[in-house]
Each structure stands twice: as structure tokens, then as C-alpha cells.
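Bear in mind these aren't lab numbers, they're just calculated from the coordinates by the rules spelled out. What you are looking at is a predicted structure, and each value in this text was computed from that prediction instead of being measured. Glycine gets a Cβ as well: all are built from the backbone with ideal geometry, and neighbour counts include every protein chain shown.
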Amino acid sequence: MSESTAAQPLLDVRDLRVSFRTRSGTVDAVDGISFTVGRGEVLGIVGESGSGKSVSMLSVLGLIDNPNCVVEGEVIFQGEDLLKLDDKELRRIRGKEIAMVFQDPMTALTPVYTAGWHISEQIRAHEKVSKKAAHARAVQLLDAVGIPNATDRVNSYPHEFSGGMRQRVVIAMALSCNPSLLIADEPTTALDVTIQAQILELLRDLQSEFGSSIVLITHDMGVVSQMSDRVLVMYGGRLAEAGPRRALMRDPLHPYTWGLMGSIPPTDGTRVERLAAIPGAPINPSDPDRDRCLFSSRCGFASDACRPQPGLVEHVHGHLDACVLPYDQRPALRLEALTTVTTESGASA
Amino acid sequence: MWRFAGKRALAALLVLFAISVLVFLIFFATPGVDPAARIAGRNASQETLAQVRQSFGLDQPIWTQYGVMMRHLFIDRDLTSFVNRGAEVIPQVQQAIPVTLSLVIGAAVIWVILALVMGVLATAYRGTAVDPIIVVLGVIGVSLPVYWLGEVVNLVTQSRLHDTIFAWVPSLGYVSLSEGFGPWALHLLFPWLTLAVLYAGIYARVLRSEMVGAMNEDYIRMARAKGIGEWRVLLRHALRTSLIVVVSLFGLDFGALIGGAALLTEVVFGLQGIGKLTYDSLQNFDLPVILACVLYAAFFVVLANFIVDLLYAWLDPRVRHV
């Protein structure tokens, strides 16, 4: 995706901050992230559980149902700041302009209604069409997402579909109003591997057909490498690295990204005894010591320079990261990191 | 569907048969009780007792007695009371049925509406002061015993304030629906409310906890993400899925109440319903009436459960094909 689309992005998130007031103080789930999604672009957001990737996208649509949650920053979508809209105005956007697909298709559909009912409900929430017309569109949509015998299946209940088919129903529902942005929150995590590939392929086909932008949230670097134009890597509610997919996959800059890449099984023939794992545990978001690179406690290259939090620096065109390591030494350091991890795991094996 | 209904009808017959046998056995196996002595009255001589036994067929083997009684109940339909000789049992039950049905159905309508409103409002306004207020109201409703609440209501409406603001309240007792909807409803208004308060409290709490649980489900987040309004999310998604539990509870309670569990309300408000009839027959050790009442009650419990099963299938597609 060329940078010209970034000039007028579809979604422009600026300094988004999501915090939860708890008994032990304020917890920043998302700590000032900024990014854009261009028209027709597929943006992958990667990170471990608790890195703030889902929360940031839920907060964009005002879907965090927690009275102790504070969302700050700006979310400019088609020239409007979504965070300033009230619930009624947001409803106009939800489902119509920005649609979501959630992780677990088993629980995303209300069990007592048919697939067609779910899709019709969404269409009729945004367009004045008859029940009959909405039903007919539901059949077309189910057909488009590859559900065989859609005319009959439109009257099936969620429990009568398999997991993969259910996710197709959810995707059909999400696409029913031709949204300009589709947020897919771990859409394949709950599915088995062969189905995962099918769903990703479906998303890719639909994206080229409908031209929607997609934000793909995942913890799986493999999924990101198959789908995205651009990738954000999040850690502890902050951006660790951002860049075009090709550049980021070929030359990852941030030590955290190295760790994530190391967790992909190699497919070039070398068999590893054990997959590399990032030592330590994900950062506890309620840890008060936040004025530092949050990854430094797990990073083999941490030093005093990691405090305070280094800013995002653009190294090559569109490829940024937040790390103090000298840019020109990164390839060598990455190699070092890989070998250390391998010997460590070799020793423990 | 018809096969399902047929199976259930067969099962219901078996249940009714088993219950009639049980009642019979319990009646005769109760230690220290001689039905003949009850009928004959205090200090009856041995001769009188023997005479009573003979004329009531109590000297026959128990299975013969069972057969005779069932024949009188279901075929000849002229079963008579032990205690009150000549009083036929079936007309008594037939007279009591509309009283109990009127009381329970009316109360059920009130408590279901109240519980729905309370449960939905408590869920909609959870996190605000409305929710705990409704919860506390529910607990108060559950904690007021019917016999106490009924007496207080009577004291206020029939005695203390009867000459002033409650002058419109008619005297206690039942007025048939055939005498007009107005008088019928007016006579039953306070019994309805009294009975409904208890159940509304229980149902509102159950519904609220079900709905609050449902509101944390993924499909609610999905529904919101579709851009539909919060009330629609609440009513069409959360309430709809929560109704399943309420319906099964309702089937049990409704069946039991129709079957005579509304006894306390009937006694307090002077209604000659099934509960009162059953209670009196138990007091008098009047086997034919007990038997008729228990069979009637069992029939309605079974019927209510059958209706609940149908409602279940309608509410929850997942049980339809089982």
C-alpha cells in the first residue's frame, strides 16, 4: 500500500489512551497509541494477550461496557471524531460504517435466532427495507461467504452450524451494510487450522471484492504475514513497532518483534527441538513503573537507556520502532538474540 | 410434535396412576389412624365400627377398595365423601376449580408483568441507584409471608380504612366471572396482589441475575457492534435468552399453585378453592375428597409442565430436535 493513501486515511487514531480505574489505582490498557488505516488497506495489529489490541479497537466504537473506563485521544473516522459522538450517533457508525467480527463464533450469535434473523436485524437497523428484502439479502450474503445451500441455511440456528460456518455467518452479518472498515478481532483464533486458512482466504477475497479496509487483530504473526499490508506490534498498551508488512517481516527492528518472529515455526526445512519463547511474562498493566520501555524487563539488551520510554522513530520509509538500540546494529543483535535463545532452550531441553 | 404430545400424555397417565396408588397406600398405611373410627365419631362401639367398615367397604381388601373408588370417581362419577355422607366429591372439586384458577391466573399475570418490568429495569439501570432499589423491593416481596400480608391487607381494606379510602373494596369471598368481569376482578384484586408480591420478588431477582449474566455474553457485544439500540439489545437479545429459565420456574410454580399451593391465600381471603378443599379433606381424613383433589392437582402439575416443555421448544431452538 503506497503512502499516498495515508494522506487521507479512513481511520486516524491519535494518542488513544484507554484507562480503567481500579481499587489499586488507574490502569492504562492502551497508553497513547497513534496509527492510521488507509482506504482499502489491511492493517494487522499483533501482540500478546493484554497488550491492548482488542481494547483499543473496542474503544473506537464505544463498545467498552465498563463505567470505570476512560477513553482519551482522538479517533477521526471520515472526518468525525468518534470519541465525541454520543451513543445514538455512534450507532449510525456501528455496523454500518465500521463492522466487527469477534474471536469466538460459538458465542457471537444469540442462540435463539436464525442466521437470517441476525443478518436482517443488522440490515434493518441501518436501512429502511422490508423484512422480505432483508431476508433475500441475507441469502445472497450467506452465499457470498461460501455457505452451501444458503436458501435453506438462512433459516438455521447458530447451534446447527459448525464453528467455521458460524464465523462465516458472522462475517456475512458484518459485511451486510457494506462497511468501509471491518475490524476482525482474532477471527481465526477459535477455529482449527484448516478452517483458519479458509476464513483468512475468505476475508481476503471479500476485501478485494467489497474494497473495505480491514483491521486484523491477532497474536499470530503467521496470520499477519498472510493478510496485512501494514503491521502494528503492540506491547503493554504501546506501539513497539509499525511498518509495511514486507519490511517488518524481513527486517524486524524491535527486540519484542524478534521474539514474536522467533515463535513462528520455520518452514525452510530446519527442524528445531523447541520453539523459541520470549522469557518472562507479559507486563502487568497495573505495574506502576511505567516510565520506561515496558519490554525492557524481558529484553536481553536492556540497559539504563531504556528509561524513560523511548519514542517511536522512523528508520526507513514508514517503518518505525521504539527502541534505543542503534539502528545499524540491529541485524547483528537480532542474530545474537536468536542464538542466545536457541542455546538457552537447547540447554534446557 | 404429535408424537411428542402423545408420549407426554401417556407419561401423564402413568404419573396419575402412580399418584393415586400412592395416596391410597399412604392413607391406609398411616399408623394410628383408623378411617372407620374417624367416620364413626368419638367413643363408637365395636359394633358401630364394624357397621361403618361394612357400609364404606373398608372391610374389603385394599385393591378392591381402590378399584371401587376409581370406578366411582372416573366411570360412575358419583364418588361420595366419607365424612359428609351423600355429598358428592366431583361437584365440590368442580366448584373449587374456578376459584383457584381465577386466583392463580390473575396473580400470575400480575407477577409476571411486575417481574419483567423490575428485571428489565434493574438490568438496564445496573450500576445506578435504580438497580439496588429494585433488588431490595424484590427481597421485601419475598420476605412478606402471604398469611401475614393477607391479614394486614384485610385489616386495612376491610376494617380500619374500609369506611374511607377503601370503601370500594367488596367483602371477602369469591364472585363468579359469570356475574361480570368487574365484580369478579374487584373481589379478587387484593388476593391477586398479595399472592403476586411474593412471586414477583422471586421472579424479578431470577430474571435480573439471568439478564445481567447475559449482558456479559459475546452476543450482546456483537449486537451492540451491529449498531442496534440499547433497548433492543436488552429486550430482543438479553431478555429473550433469559426467559428460558423464568419459564421453567413458572411452570413449576404455576402447576403447584393451581394444584392447591395457594392454600394460604385462599384461607386468608375466604376463597373456597382447591387448596382449602384439600386442606379440609385432610383435616377430616376424607379419603375420596383427598384422592380427587390430589389427582386433580397432579393433573395440573403435569399439564403445566407439558405446556412449559412446548414453550421451551418455542423459546429455545436448541431443545427442539431432542
Give me P(r) over the stretch A:38-114, computed from all C-alpha to C-alpha distances, binned every 10 Å, as integer percentages.
14, 44, 35, 7
Enter the angle in degrees (range 0 to 90, nearest 10) between the Cα long axis of helix B:274-284 and the first principal axis of the Cα atoms of chain B, meaning the one along which they spread out most.
30
Gyration tensor on Cα atoms of the stretch B:78-125, a ≥ b ≥ c root eigenvalues, a/c under 1.5 rounded, else prolate if a/b beats b/c, else oblate, says prolate
Okay, helix-only estimate at 222 nm for chain A: each DSSP H run of n ≥ 4 adds -39500 (n - 2.57), divide by all residues, round to 500 deg cm²/dmol; what do you get?
-10000 deg cm²/dmol
If you average the C-alpha positions of the stretch A:147-171 and of the stretch B:48-122 separately, how far apart do those two centres end up, in angstrom?
52
Quotient of C-alpha Rg and 2.2 N^0.38 Å, computed over the protein assembly as shown
1.36
Out of B:M215, B:L239, B:Y147, whose Cα points farthest toward the positive end of the dipole of the stretch B:135-276 (charges: +1 Lys, Arg; -1 Asp, Glu; placed on Cβ)?
B:M215
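Once the Cβ-Cβ distance between A:Q8 and A:D291 is put in as r, and R0 is 56 Å, what FRET efficiency do you end up with, to the nearest 0.05?
In this case the efficiency is close to 0.95.
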Rounded to 0.05, the calculated FRET efficiency for the beta carbons of B:H162 and B:W231 at R₀ = 41 Å is 0.45
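Can you give the % of DSSP beta bridges in the stretch A:1-147 that are antiparallel, to the nearest 5? Walk me through the numbers before you get to the answer.
Details: 20 of 21 bridges.
Once the DSSP bridges in the stretch A:1-147 are tallied, antiparallel ones form about 95 percent.
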Can you tell me the length gained on complete extension of the stretch B:T128 to B:Q46, counting 0.36 nm per residue apart and subtracting the Cα distance?
22.1 nm
Over 26 Å [Cα-Cα, the stretch B:41-164], rounded percent:
58
Separation of the A:D205 and A:V193 label points, Cα + 7 Å toward Cβ, nm
2.3
Computed about the Cα centre, the charge dipole of the stretch B:1-65 from +1 Lys/Arg and -1 Asp/Glu charges at the Cβ has a magnitude in debye, to the nearest 20, of 460
Considering only DSSP beta bridges where both residues belong to the protein assembly as shown, give the percentage that are antiparallel (nearest 5).
65
Computed about the Cα centre, the charge dipole of the protein assembly as shown from +1 Lys/Arg and -1 Asp/Glu charges at the Cβ has a magnitude in debye, to the nearest 20, of 1180
Rounded to the nearest 5, what is the percent of antiparallel bridges among the DSSP beta bridges in chain A?
60
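I need to check one value: relative contact order of chain B, counting alpha carbon pairs closer than 8 Å and at least 6 residues apart, in percent.
Normalised by residue count, the contact order of chain B is 24 percent.
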Computed over chain B, Kirkwood Rh from alpha-carbon pairs, angstrom
22.7
Expressed as an acute angle from 0 to 90° and rounded to the nearest 10, what is the orientation of the C-alpha long axis of helix A:131-144 relative to the principal long axis of chain A?
40
The alpha-carbon center of the stretch A:64-98 and that of the stretch A:222-267 are separated, in whole Å, by 28
Contour excess over end-to-end distance, with Cα ends at B:R318 and B:V152 and 0.36 nm allotted per residue:
55.2 nm
Select from B:P91, B:W63, B:W111 the residue farthest towards the positive end of the dipole of the stretch B:1-133; place +1 on Cβ of Lys and Arg, -1 on Cβ of Asp and Glu, and compute about the Cα centre.
B:W111
Give me, ordered by chain and number, the residues 5 or more places off A:V231 or on other chains with an amide H under 5 Å from its own placed amide H.
A:G44, A:G243, A:R245
Averaged over all directions, how much area does the convex hull of the C-alpha atoms of chain A cover when projected, in nm²?
19.3
Within a Cβ distance under 10 Å of A:F102, other residues only, what is the Lys/Arg minus Asp/Glu net charge?
-3
Radius ratio Rg over Rh of the stretch A:104-230, counting only Cα atoms, Kirkwood formula for Rh:
0.95
Using only Cα atoms, tell me the angle between helix A:330-348 and the longest principal axis of chain A; keep it within 0 to 90° and round to the nearest 10.
90
With A:D251 itself left out, Lys, Arg at +1 and Asp, Glu at -1 over residues whose Cβ is under 12 Å from its Cβ give +2
Put a dot 7 Å past each Cα toward the Cβ at A:A281 and A:Q78; how far apart are the dots in nm?
4.4
I'd like to know which of B:F269, B:G251, B:I228 lies farthest towards the positive end of the charge dipole of the stretch B:219-306, counting +1 on Cβ of Lys and Arg and -1 on Cβ of Asp and Glu.
B:I228
For peptide A:109-118, how many partner chain Cβ atoms fall within 10 Å of a residue's Cβ, on average?
5
Using a basic spin-label model with each label point 7 Å from the Cα along Cα→Cβ, how many nm lie between A:D152 and A:N66?
4.5
Per the helix-only model, chain B has a calculated mean residue ellipticity at 222 nm (DSSP H runs of ≥4, -39500 (n - 2.57) each, divided over all residues, rounded to the nearest 500) of -22500 deg cm²/dmol
Expressed in nm to one decimal, what extension gain is obtained for the pair A:T26 and A:T339 from 0.36 nm per residue of sequence separation less their Cα-Cα distance?
108.8 nm
Determine which residues of the stretch B:280-322 fall in the zone a paramagnetic label at B:A11 would reach in this model, i.e. backbone nitrogen under 18 Å from the point 7 Å along Cα→Cβ.
B:298-322
I'd like the distance separating the alpha-carbon centroids of the stretch B:156-187 and the stretch B:240-258, in whole Å.
30
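What is the diffusion coefficient of the stretch A:14-165 in µm²/s, taking the Kirkwood radius over Cα pairs and the Stokes-Einstein relation at 20 °C with a viscosity of 1.002 mPa s?
Values: Rh = 17.8 Å.
Approximately 120 µm²/s, per Stokes-Einstein.
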Taking 26 Å as the cut-off for C-alpha to C-alpha distance, list the pairs among B:K7/B:K276; A:K128/B:K226; A:K53/A:K128; A:K84/A:K132; A:K132/B:K7; A:K96/A:K132 that go past it.
B:K7/B:K276; A:K53/A:K128; A:K84/A:K132; A:K132/B:K7
Rounded to the nearest 20 debye, dipole of chain B from Cβ charges on Lys, Arg, Asp, Glu:
1100
